[in-house]
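Peer 1: One structure is given below, represented as structure tokens, and several questions about it will come after.
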């Protein structure tokens, strides 16, 4: 199977579609990136302007072109709105490990835990099948 950068796979669950982010996602992305609680555990601060969000999207696309970051947009199928992103935050190709990081805003009638489980299962399957990475959970190491 080819490198994940050959064509980013679109992943689907019952409620979600994980797909490549585009500049057309800027308004949806700004809605959740501007929330105080979304980047709580991330390395970035809430976005104050839509221009800041547009620049973030442009950086993600450059990282994709440079083959340095695998980053999906999380689309809620019911309304086709982008509600977050999920990525391989760190990726050590030599040791075949990658860490999953995500930013997610749920203003839905569903629990964040259920959605997070759907996300990690989908992305973990790509880690194992397509990228030949080891599958392991930090929670299971405790």
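Peer 1: Most exposed first by the Cβ proxy, i.e. fewest other Cβ within 10 Å, how do 74, 57 rank?
Peer 2: 57, 74
Peer 1: Would you please put 12-24, 36-48 in order of how densely packed they are, using the mean number of other Cβ atoms within 10 angstrom per residue and starting with the highest?
Peer 2: The peptides rank, most packed first, as 12-24, 36-48.
Peer 1: Next question. Rounded to the nearest 0.05, what FRET efficiency do residue 12 and residue 43 give with R0 = 35 Å and r taken as the Cβ-Cβ distance? Could you check?
Peer 2: 0.80
Bear in mind that the values in this text are calculations on the coordinates, not laboratory data. Since the structure is predicted, the reported quantities are computational estimates derived from the model, not experimental observations. Methodologically, a virtual Cβ is constructed for each residue, glycine included, from the backbone with ideal geometry; neighbour enumeration extends over all protein chains shown.
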